[in-house]
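Report on the following structure.
The numbers here are math on the coordinates, done by the rules we state, and not lab data. The shown structure was predicted, so the numbers you read here are calculated from the model rather than taken from an experiment. Using ideal geometry, Cβ is built from the backbone for each residue, glycine included, and neighbour counts are taken over all protein chains shown.
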């Protein structure tokens, strides 16, 4: 019983650490990221970086993170942690058993 419970604990802890690191590395935005960001749409030119897509359309611009007016940086950074989902990490831990 002791070895079984320790094995489950170690597998869940390992899965949590690995998936947290993958979330931090991939950084895909959540569907509600624009709401979280609250972009400064009046000053897009001040935050524009590069210019590759502007030859196709002037609306295709890349901006830096400073365009976001969200004062809570923790809430904003959490908006980049949508992949992989928590369900995926729980399912992987279950399959390890």
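Running a GNM on the chain with Cα contacts under 10 Å, which residue among 31, 58, 71 ends up with the highest mean-square fluctuation?
58
Most fluctuating residue of 54, 69, 21 in a GNM of the chain with Cα springs under 10 Å: which is it?
54
Given the options 85, 55, 11, which has the most mean-square fluctuation in a GNM of the chain, springs set between C-alpha atoms less than 10 angstrom apart?
Of 85, 55, 11, the most mobile in the Gaussian network model is 55.
Which angle between 0 and 90 degrees, to the nearest 10, do you get for helix 2-26 versus the longest principal axis of the chain when only C-alpha atoms count?
For helix 2-26, the angle is close to 10 degrees.
At 222 nm, what helix-only mean residue ellipticity would the chain give, in deg cm²/dmol to the nearest 500, using -39500 (n - 2.57) for each DSSP H run of four or more?
Estimated from H runs of four or more residues: -15500 deg cm²/dmol.
Say each of residue 75 and residue 17 gets a label point 7 Å from the Cα, pointing the same way as Cα to Cβ; how far apart are those two points in nm?
Using points 7 Å along Cα→Cβ, the separation is 3.3 nm.
Cα axis of helix 86-96 to longest principal axis of the chain: angle in degrees, 0 to 90, nearest 10?
With rounding to tens, the tilt is 30 degrees.
Relative contact order, percent, of the chain when contacts are C-alpha pairs under 8 Å separated by at least 6 residues?
That works out to 41 percent.
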